[in-house]
Each structure stands twice: as structure tokens, then as C-alpha cells.
1. Given a cut-off of 20 Å, what percent of all Cα-Cα pairs of the stretch 71-229 lie beyond it?
2. If R₀ is 35 angstrom, what is the calculated FRET efficiency for the pair residue 326 and residue 415, using the beta carbon separation as r and rounding to 0.05?
3. For residue 16 and residue 291, what does the FRET efficiency come to when R0 = 45 Å and r is the distance between their Cβ atoms, rounded to the nearest 0.05?
4. Express in nm, to one decimal, how much length is gained between residue 57 and residue 251 on full extension, taking 0.36 nm for each residue of separation and deducting their alpha carbon distance.
5. How far, in degrees from 0 to 90, does helix 95-120 lean away from the longest principal axis of the Cα atoms of the chain, to the nearest 10?
6. How far is it, in nm, from the label point at residue 95 to the one at residue 203 when both lie 7 Å from their Cα along the line to the Cβ?
7. Which of 188, 58, 409 moves most in a GNM of the chain, Cα contacts under 10 Å?
8. Measure nothing fancy, just the Cα-based angle from helix 277-288's long axis to the longest principal axis of the chain, in degrees from 0 to 90, nearest 10.
């Protein structure tokens, strides 16, 4: 569809202007362009024989509406960006933070392993071929285990404040424990993106660098890029390994989705299947399914209704009704993007939750641009803006049921860190 190509081109041009010309690296359009529009564009290439090439006016309407909202908001906010640390700013770990830091990490790991055991009978289900990564969640305990970003943020800030390498080790454990014990790659990828965001948002303002410092900075950036590329390749290879039931069968992901794209890119088939083909699922569902919209936003705002208010337990409402009877490309590409939840609730008004998400993100952005803002607003912005990058997979913007534990952790972060400028704590 020519109009979809135009929408993608418009978003990419606007993103390039904001990212390169205005040097606003963490604006929401960066995450929308990478996480939503690259998959949309890849889907239009039809690199799978399973792609449904039918025309859907509603699918086209959804893409156009997302584009219009994104463009309008970006034009109004491209000059706003979270304030970096001043050259003489220093993050300070308080006495409270020092006393509780390691205990917090131990608590997370113990509860994570306990949840594994309750759900599978072993603390390392992924290593013994048991798949519970998206099939099991323990009441109460999951409030902590689903809030991994806030533990990552604590460890990152603790390292920035103390330069103690134990916090880097603890951070790495929090990031990699989902994929090592549950084969859960999605959680790890989200954590890495959020860590990159944290790294960027807590950079100090640039002064004029010497030639040696510029060389060192470029080398560091190249190393980060190489690490990311290696991780992407490793995750794709691991996907094929898990697809074969951990080497038991001769099955590859590109065969499962009947890859028809360039052969030299076939190793990227898991990325295509998980993100690009999600839009195929979105299209065939809005095209062929008859839905009675509730207009209450039950599944759009699942974290509120099913997380905080517990309407599923109180009133017997199915928390997964929106995916019951969903049409899918196949078993290896079966998610319909986060926008399906919005369409299921609101129909043509599907954009309501997306606009609310933009408003929430803008609030955190505004708070994080204040000259002497508290440190936790930058953490909040980094936590939320990165969720836009995964909307092509599922409704990450309102998915988390960890609001209560998240609030507790933010209270801990608020009382564990200060920004010290000279002798003044802000």
C-alpha cells in the first residue's frame, strides 16, 4: 500500500531530523520509529509466504492514525529532552541506599527462582527444556519479578555513584536471569534497551573534548554497537535452538514462517516473525473478526483493571478474552501487536489509549527537563518511553501489573540517590 510507505517515510524523515539535527536522542519518536515503523515497513516487503496480502481499510486507518498522532506530538515537543547531568554533578548513594542495595538484588533473584520452581518444579526450567516464560505468573511474587527494570535502574545508579563493580555484576544477573532460567528473550531485550536509555539519560553534558577523549568515546561507542550486534545474532540463533526443542528436532524459524526474503538475511527471520508478522496478525483480525467493543478499556489498560483493581478475580472477567479466538499467521508468529488490545476495546477510537500513553510520557518528559529535577523522574521517563519500542509485539504501554511494587521501588530509589552539585544536594 503506497500510503503506508508514505507514512513510514514521513516518520523516518522526522525521526532523522529530531535525532541528528536536534540531537534529541531519547524523544519518543526514536522508539516509535524503531519499534513500530521499521516492523511495519518490513512487513510490507512480504518476506514470508504466509503474509496475507488482502486489503484492509481498518488496518490502513490504524497506521494513518498512529502516524498523525506521532507527527503532531513530535512537532510540538521535539525541543524537549531530559536534562543530562551537569559536568560537575555527581550521583550520590545515600546511607539508606548502601544498606539496602545488595538485599534488594538478593530478594529479586530468590523470588525469581522461587517463581520458576512453583511454576515448573525446578529453578531452571529453561535449561531442562520446560517452557514457562509466557505461561506462568505467581500471584504476589510476580509483582516483584515483573519489576526488573527498577532493580536494573537501582544497580546502574549505584554503580554510577560508587564505581563498585559488584553493582555491575548484580545488574547483569538481573538482566540475564530471565533468558538463562526461562529462555525468556523478550524480557532481556527490553531490559537492555532500557539500560541503554539509562546510560544515555545519565550522561554528563559534553564539554569540548580533546582528541584523545574523542577517540576514546568513539571506541566505546563502537564496542557498544558490536555487543548489540552480537546479542542480536545470539538471540536469533537461540530462537532457532529453542524452536528445535533444544536440538531435538531439525526445525528452524525461517522454515516455520516460510521465509521468502533474501537468503543472506534469513538469520533475521525471528525478528521478522516476532515483530513484522505481528502486523499481519493485526490486519487479519481487524479484517475478519466481529468484535463487540466494550469502550471501558479493559484490555487496553490491563495493568489497572487486572493488576490493581483485580476485576478478573472479583467479577470473574477473563483477563485474556481479547486474544480468545484470535486469527494468527501460524504458531511461530501469533501476537497481534499491542494495538489489537486498543481496537478490541475501542474500535475506530483505538487511538484513545495511545494518546493517553503519549500524555503520560509527556508528563514524565516535562518533569525530567526541570533544571533541578529529582533523579527518579529521569528513571520514570526512561522506564516508560522505552515501552513504545515494543508495541509491535504486545501492549507494553499498559501491560505491567507491577504498579504497586514499582511504586515501592521508586520510593526506594528516591531515598537512595541524590545529585550532588558541589556542596549542594538537589
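Just so it is clear, none of the values below were taken in a lab; they were calculated from the coordinates. Since the structure is predicted, the reported quantities are computational estimates derived from the model, not experimental observations. Methodologically, a virtual Cβ is constructed for each residue, glycine included, from the backbone with ideal geometry; neighbour enumeration extends over all protein chains shown.
1. Values: 7661 of 12561 pairs.
Looking at the stretch 71-229, the distances longer than 20 Å represent 61 percent of pairs.
2. Working: r = 44 Å, r/R0 = 1.25.
FRET efficiency, residue 326 to residue 415: 0.20.
3. Working: r = 37 Å, r/R0 = 0.82.
That gives a FRET efficiency of 0.75.
4. On the way: separation 194, 0.36 × 194 = 69.84 nm, distance 3.61 nm.
The span from residue 57 to residue 251 would gain 66.2 nm if fully extended.
5. 20 degrees
6. 3.7 nm
7. 58
8. Between helix and principal axis, roughly 50 degrees.
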